[in-house]
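The values are calculated or read from the model by the stated rules, or taken from the named source; none is laboratory data. Everything numeric here is computed off the predicted structure, so don't read it as measured data. Here Cβ is always computed from backbone atoms with ideal geometry, including for glycine, and neighbour counts include all displayed protein chains. SASA here: full protein model, heavy atoms, side chains in, ligands and nucleic acids out. Shrake-Rupley method; radii C 1.70, N 1.55, O 1.52, S 1.80 Å.
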Amino acid sequence: MQKGIISSFEKFAEANPLLNLETNPKRSNALKDYFAFGGFVSLIPLTNGSWPKLIYPSKKRIQFQLTELEASKNLFSSKLNDWKKQHSDAKNYKNTIFLKKFAEPVYWKHLMKKTTDSEYRNSVERVNLPVDLVADKKYKPMVETFLKDSEYRKQLIEAFENSVVYKKDKRLAKHASHLQEFRQEISDTKIKELEKRLGSIQKNISCLQEIMKWAET
């Protein structure tokens, strides 16, 4: 019989009116997914109600597609793991950085100076110095300079008390909290996107693996 090229499940059913699709539901579902992904088949319909002979895609073509899909799956899986780590780091930032501060000599020097130096203690209270973030490389230089330099303390207090940025919320550490929340939101979005992409790739892989069993050569 003449070969036909088909790109939809409806056309496939029309071309094989005697075929009982329920005899192989796994193949039927795989074919539906294959068409949904933009695939097409070339086949020879049979008149005895059996599944037609699949000419295209060939086993070789399917294997090539599977190899490409597996490479994409590995790439996106790696990206997903990276974003999950970023999400976890952002989520646990507060607890992690809080515990790490005890290993920082600057933290203990701060406590000592706060106890013995009234000017320093007053300065710390006026700016709500984010000393709990001293283990964060972004904030450590600020705390170190604040600890050592009285002129820097005066300048920071002046900037802090006159800043529009801190007008409503007088906490220098608030920015760090907002930053981690933002990172969680971004990573949440990326994780959902990648999980959806990986689900689509896996579905494509599964349908090709099933069609592979049907391919002639």
Task: With every protein chain in place, the chain: carbon and sulfur % of accessible area (1.4 Å) - done: 53
Open item on the list: Students often get this wrong, so check it: of LYS113/LYS137; LYS11/LYS213; LYS85/LYS140; LYS84/LYS114; LYS32/LYS91; LYS84/LYS203, which have C-alpha atoms separated by over 29 Å?
Closed with: LYS84/LYS114; LYS32/LYS91
Open item on the list: 7 Å from Cα along Cα→Cβ at both LEU46 and GLN155: what's the point-to-point distance in nm?
Closed with: 8.5
- [ ] Return the calculated 222 nm mean residue ellipticity for the chain, to the nearest 500 deg cm²/dmol, obtained by summing -39500 (n - 2.57) across DSSP H runs with n ≥ 4 and dividing by the residue count.
- [x] -22000 deg cm²/dmol
TODO: Once you have the Cα-Cα distance between GLN202 and THR145, take 0.36 nm times their residue separation minus that, and quote the gain in nm to one decimal.
DONE: 15.2 nm
TODO: Calculate the spin-label point distance for ALA36 paired with GLU104, positioning each point 7 Å from the Cα along the beta-carbon direction, and give it in nanometres.
DONE: 5.1
- [ ] Go through the stretch 47-142 and name the trypsin sites (Lys or Arg not before Pro) that are in a DSSP coil and have 15 or fewer other Cβ atoms within 10 Å of their Cβ.
- [x] LYS137, LYS138
